[in-house]
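*Asks:* The following block contains the structure, expressed as structure tokens.
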Amino acid sequence: MDLYLTRAAEGAGRDDFIDVVRARTHNLRDVSVQIPKGCLVAFTGLSGSGKTSLAIDTLHTEAQLRYLEGLSPFVRQYIPQRTRPQVDQILGLSATLAVDQRRANHNPRSTVATITGINSHLGLLYSRLPELRGKGDAPVLTAAHFDHHSAEGACPSCHGVGGDWKSAPDLIVTQPERPLFDGASPWFATWHSTEHHFVPALAEKRGVDINLPWQELPESFRHEVLWGTGTEVIEANFTAKSRSKTGYWSFNDSQPMIGAVAEVERVLANASTPKAKQRYRAYVRKTPCPECGGSGYGPAARSIKLGGHTYQELVELEVKHVREWTLAITTELDDAQRDVGEPLLAALTARLDLLMRLGVGHVQLGRSAGSLSGGEAQRTRLAAQLATDLTGLIFVLDEPGAGLHPADKAHLLEIVLGLCKAGNTVLLVEHDPELIARADWVVDMGPGAGSEGGRVVVSGPPVEVAASAESVTGRYLRPQSGGRAARTQRMPDDRTSWLELRGVQVNNVAVDTVRIPLGHLVCLTGVSGSGKSSLLRDALGGDVKRVMDREPAQYTDAILGARELGWVTVIDQEPIGRTPRSNPATYTKAFDAIRKLFAATDRAREIGANASSFSFNSNKGRCPACEGYGQKLVNMHFLPDIWVLCDVCEGRRFTQEILDVTYRGMTISDVLELSVAEAVDSFDEPRQLTETLEALQRVGLGYMRLGQSATELSGGEAQRLKLATAIQRGGRANRNGLVVMDEPVSGLHPADVQKIIDAFDLLLAAGTSVVIAEHDLHVAAWSDWLIDLGPGAGADGGRIVAEGPPDQVAEGEGSTAAYLSQVMAGRPLFDLNEGELPTATDG
């Protein structure tokens, strides 16, 4: 014990602990625990055990509220309201900074530079240092001159946009060797506008056979299809089935054809949803502004140089190269510039160093937040928070090891331990045994998840957790614990069909051929930034789906074998909904079946209630006072608004008449409070409902309440909900599918990983191919086929280092092979320099 309790015990007094008294937030059951300050504390337990509820929803939320109470009422009215955690008392709590699993801002203006504050430092450097050189003709600049979203810094020609979106004929007609309506054009393959109906009329008027290949048609006709007929009117007659499929409708129209090129730009400009805009973007290219070259920056950012680079050039460099630039520019400062430049460069360097140590030195400063992987986005936000020079803070980090290759974990550990040495406390919500083993103190929650969790199983050094027979986490802290997952592998053979992507070019990935064995579990590995997410989401998930939809591929020259597939789904960690009404039951359509069961009861028939009456989205049966939310938003005027329990329905969402209807002794409100596991025992019909509930349980969500708000779900939970839906789809589909997942076991306790592996096998058994990108090499070792990308990150990655069965890849070179060989040999990845964890027998 003394080996680990270094900072936690030496000289500790009452003020050296955080005392939590009777915490009841979410599923916490009167938790009282003492947490040492000034050291690294890991909160562990199964998914849903209550560790996030204690560390973030209780400690961090309470610290934020205490800070807000010190602000003026005028300021507080502009700050979003937060619900007070349910806890009797918290002593010894100081200010907190938290980085959770929320995705970074997808606003196109949000970049790596803006998230970390680096853009502000660079703007000051570029606006101040040239002025201090003493040149009489130097313009007076501000940091705004280096922001292309500002009036001062935007290109005067394109106003900072960077150019115009113009439709491209080669994207409209992608396979000219085929007939126009039979494969030549993805635009004409599906219904996009009434312009389509004029083409046959034009062909008839010109005497052209449009069943011939596009390239064999007269050039004049092809020009009119793409660019229009000018002022010449074309008469079109069209007949189609009605929407109800029971009849037909027809129309006659007479007008000039504007052509597909202009029509694409018209529908894109009129598209009202992001999904629609994305669909039409397949037919357009961004034409760079001739003045700024597409950057959007004004004259100052394009012309003024420091260290040999303009601002525009600098933000397009990778973080590691910008770090080199700071070293070079330091030597160029003259006496007048030194007093201003050195403090700015010191702060800038600190942020760049953090990004590099956190494994994101390969990303460009100007890269948009939406293009980052989940792990890259979280570590970018982490760098922004850790850049502070304050001491005495409590840092709350939610699974910072997610998305990290084993080779990068040492840097993360070094950073958090450095924060502790500087006088801070780090609370780490973590599942990774390698990181947990290096903590000073562990608060292990459980013993199970949901209603079976919510209490402290053991609180102490890692050695005590490892010795606890009740702790599930402790089993994986013992060196002799063995692997974390297992399955029967199926290696590709002569009967295997292959999906081939040729000429892949996306971000840093440049690969001639990527081969995916269909009907197998395929895993992409590699260090952070090696190109896994780009290859997985953009090339594999995105382009294969586009080709199946007869749309042009964006990142590949050719895709072979797609005809073997009937559907493709990319399962990400985006929220399933953004309102309290969205929940697992509504997302999976389980609630539709449940509402029908209630509507079929005798009592429901007596009062004239149908399935809609049991929906809180309908005004037929929901509580009129809270409109089905179960809570009401109270306007506090100069204080933040707060949610309070509805005093009419008492949080049950429905009218009393609807609540009087029961199914097997349960009201509709009672059903929403059931966990998935309880629902499995409560419902044995209809088949679609039972299959949905079983799928949710199989992916490790048995603890989740059916009516749990989507806003309360983590990214990993949202991803597993989507996986459960894919399992159902795979079981019902007539054709084989492809499921693509990025880091599927991210945010999962090692004990839950096996459930995801088993879920993959369910998909494979139904004929669905599964391709994942994963840093957990215990999962990679049990895949059927590995594709290792690298050898490094950014410009040093994007190539296939090795591919084949896991044992074959483990024999190769590179950092992945070295760690993979350890895993396959049954050796632990973590090296306990301060002693070994004790052996304990399972209870």
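Quick note: the coordinates plus some simple rules give every number you see, no bench work behind them. Computed from a prediction, not measured in an experiment: that's the story for all the values here. All Cβ positions, even for glycine, are placed from backbone atoms using ideal geometry, and neighbour counts span all protein chains on display.
*Asks:* Just list whichever of K589/K755; K277/K545; K545/K722; K421/K532; K286/K722 have alpha carbons separated by over 26 Å in the model shown.
*Replies:* Flagged as over cut-off: K421/K532; K286/K722.
*Asks:* Using only C-alpha positions, report the orientation-averaged shadow area of the convex hull of the stretch 157-228, nm², one decimal.
*Replies:* In nm², the orientation-averaged hull projection of the stretch 157-228 is 5.9.
*Asks:* Check the chain for me: any Cys whose beta-carbon has no other cysteine beta-carbon within less than 4.7 Å?
*Replies:* C39, C420, C523
*Asks:* Using +1 at the C-beta of Lys and Arg and -1 at the C-beta of Asp and Glu, which of H197, M356, T588 has the Cα lying farthest in the positive direction of the dipole of the chain?
*Replies:* So the residue furthest toward the plus end is H197.
*Asks:* Further question on the same structure: What residues from the stretch 509-538 fall in the zone where the backbone N is under 12 Å from a label point 7 Å along the Cα-to-C-beta line of H411?
*Replies:* Hits in the stretch 509-538 for H411 at 12 Å: 527-530.
*Asks:* On a straight-distance basis, which aspartates and glutamates could pair with K632 in a cross-link, Cα separation under 15 angstrom, same-chain partners fewer than 8 positions away excluded?
*Replies:* Partners within reach: D641, D647, E650.
*Asks:* With +1 assigned to the C-beta of every Lys and Arg and -1 to the C-beta of every Asp and Glu, and no other charges, what is the dipole magnitude of the stretch 720-809 about the Cα centre in debye, to the nearest 20?
*Replies:* So the dipole magnitude of the stretch 720-809 works out to roughly 600 debye.
*Asks:* A follow-up question, please. With +1 on the Cβ of every Lys and Arg and -1 on the Cβ of every Asp and Glu, and nothing else charged, how large is the dipole of the chain about its Cα centre, in debye rounded to the nearest 20?
*Replies:* 1900 debye
*Asks:* List the pair-distance distribution P(r) of the chain, using every Cα-Cα distance, as the percent of pairs falling in each 10 Å bin from 0 up to the bin containing the longest distance, rounded to whole percents.
*Replies:* Going from the shortest bin to the longest, the percentages are 2, 11, 18, 22, 22, 16, 7, 2, 0, 0.
*Asks:* How large, in Å, is the stretch 416-539 by the Kirkwood hydrodynamic radius built from its alpha-carbon pairs?
*Replies:* 18.8 Å
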